[in-house]
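Peer 1: Quick one: this structure, given as structure tokens, is what I'll be asking you about.
The values are calculated or read from the model by the stated rules, or taken from the named source; none is laboratory data. What you see is a predicted model; the values in this text were computed from it and never measured. Cβ placement follows ideal geometry from the backbone for every residue including glycine, while neighbour counts extend to all protein chains displayed.
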Amino acid sequence: MNLVFLGAPGAGKGTQGSLLAERIGAHKLATGDLLREAVRVGSELGRRAKSYMDAGELVPDALILDLVRHTLAGAERDGSAIFDGFPRTVPQAESLNAMLRELGSPLDAVVVIDVPEETIVQRMSGRRTCANCGRIYNLHTDPPTRSDVCDVCGGRLSQRADDREETVRHRLSVYREATEPLIAFYEMGDAPVHRVDGDRAVEQVQAQVLQRLER
């Protein structure tokens, strides 16, 4: 089973994809993770990707697809893959579809996790991270006893730059512009598109995902 998970930043697609991958024995492919690992081990693809990353440029789609193909070919898995955060554009989706068909394992379904924009803003802008132990809090749903001090180690809590409200709203705007055409593209394809309500507890969202896929 090959699946694509789509959702806005903070919608929980990474969490849901990881849970499902563990449940069905699939290989979860997040291109950011793949790039970092390829650079870390110093593979040929990693060295090529690093040259773009060091120059502050986007890694070309062709190189991303080569990395995905290489990972799929070498992964110990049961033939299942879950794509998290890729593709991001229609051309990437077209290329991924072509590659999967070439490998004899076309895309089976697309899962779209829907969460209201204001909920995402609250989720992300409320996050605080301990600089000492790495513990993550949320001022709205999992607050520390003191707003700027870690309950675990007493370290200072801070907000990541990309979790600031204005940054989150910009990321959501970019997501809408890029992903709405992508969802429309998939809705016109052969693989079914399943929408789930991501504004629920993690376990409830996973149950929805399983229910849609079992259909």
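Peer 1: Name every residue in segment 165-198 that is within 24 Å of residue 118 (Cβ to Cβ) and part of a loop (DSSP other than H, G, I, E, B), in order of residue number.
Peer 2: 198, the sole residue that qualifies.
Peer 1: Would you confirm whether any residue within segment 2-9 is over 19 Å from residue 123 (Cβ atoms) and part of a loop (DSSP other than H, G, I, E, B)? Even if it seems obvious, please write down each step before you answer.
Peer 2: Residues of segment 2-9 over 19 Å from residue 123 (Cβ atoms): 2-4.
Imposing the further condition that a residue be part of a loop (DSSP other than H, G, I, E, B) reduces the set to none.
No: zero hits.
Peer 1: From the residues in segment 170-198 that are more than 15 Å from residue 110 (Cβ to Cβ) and touching an Asp or Glu at 6+ places or on another chain (Cβ under 8 Å), which one is surrounded by the fewest Cβ atoms within 10 Å (Cβ to Cβ)?
Peer 2: 197
Peer 1: Continuing with the same structure: Any residue in segment 188-203 that's without any contact (Cβ under 8 Å) to a residue 40 or more places away in the chain: show its pairings with residues that are crowded, with 17+ Cβ neighbours inside 10 Å at Cβ separation under 9 Å, as long as the two are six or more apart or on different chains.
Peer 2: Pairs that qualify, where the first residue is without any contact (Cβ under 8 Å) to a residue 40 or more places away in the chain and the partner is crowded, with 17+ Cβ neighbours inside 10 Å, are 200/208; 203/19.
Peer 1: Right, something else. Return the residue satisfying two criteria in turn: it lies in segment 69-97 and is among the hydroxyl-bearing types (Ser, Thr, Tyr), at pLDDT below 90 and out of contact with any Gly (no Cβ under 9 Å at 6 or more places or on another chain), and of such residues it is nearest to residue 112 (Cα to Cα).
Peer 2: Of all residues in segment 69-97, those among the hydroxyl-bearing types (Ser, Thr, Tyr) come to 71, 80, 89, 95.
If we keep only those that are at pLDDT below 90 as well, we get 71, 80, 89.
Applying the additional criterion that residues be out of contact with any Gly (no Cβ under 9 Å at 6 or more places or on another chain) yields 71, 89.
Values: 71: 24, 89: 15 Å.
Among those residues, the one meeting the criterion is 89.
Peer 1: Among the candidates 141, 119, single out the residue that is surrounded by fewer than 17 Cβ atoms within 10 Å (Cβ to Cβ), in contact (Cβ under 8 Å) with a residue 12 or more places away in the chain, over 21 Å from the mean Cα position of the chain (by Cα) and within 20 Å of residue 204 (Cα to Cα).
Peer 2: On the way: 119 fails: over 21 Å from the mean Cα position of the chain (by Cα).
Exactly one of 141, 119 is surrounded by fewer than 17 Cβ atoms within 10 Å (Cβ to Cβ), in contact (Cβ under 8 Å) with a residue 12 or more places away in the chain, over 21 Å from the mean Cα position of the chain (by Cα) and within 20 Å of residue 204 (Cα to Cα), namely 141.
Peer 1: Quick check on residue 20: is it out of contact with any Asp or Glu (no Cβ under 9 Å at 6 or more places or on another chain) and touching a residue at least 24 places away in the same chain (Cβ under 8 Å)?
Peer 2: Details: out of contact with any Asp or Glu (no Cβ under 9 Å at 6 or more places or on another chain): yes; touching a residue at least 24 places away in the same chain (Cβ under 8 Å): yes.
Judged against the criteria, residue 20 is a match.
Peer 1: Being touching a strand residue (DSSP E or B) at 6+ places or on another chain (Cβ under 9 Å), under 20 Å from residue 89 (Cα atoms) and either crowded, with 17+ Cβ neighbours inside 10 Å or at pLDDT 90 or above (or both) is the filter here; which residues of segment 16-64 pass it?
Peer 2: Within segment 16-64, 17, 28, 29, 30, 31 qualify.
Peer 1: So in segment 137-180, with the set limited to residues that are hydrophobic (A, V, I, L, M, F, W, C) and either at pLDDT below 90 or in contact with a Phe, Trp or Tyr (Cβ under 6 Å, 6 or more places away or on another chain) (or both), which one is farthest from residue 195 (Cα to Cα)?
Peer 2: Of all residues in segment 137-180, those hydrophobic (A, V, I, L, M, F, W, C) come to 139, 149-150, 152-153, 157, 161, 168, 172, 174, 178.
Still in the running and either at pLDDT below 90 or in contact with a Phe, Trp or Tyr (Cβ under 6 Å, 6 or more places away or on another chain) (or both): 161, 174, 178.
Numbers: 161: 30, 174: 20, 178: 18 Å.
Among those residues, the one meeting the criterion is 161.
Peer 1: Right, here's the next one. Look through segment 199-208, keep the residues that are in a helix (DSSP H, G or I) and under 19 Å from residue 9 (Cβ atoms), and return whichever of them is modelled with the highest pLDDT. Full working, then the answer.
Peer 2: Step one: list which residues in segment 199-208 are in a helix (DSSP H, G or I), which gives 202-208.
Okay, now just the ones that are also under 19 Å from residue 9 (Cβ atoms), so 202, 205.
Details: 202: 91, 205: 96.
Ranking the qualifying residues of segment 199-208, first place goes to 205.
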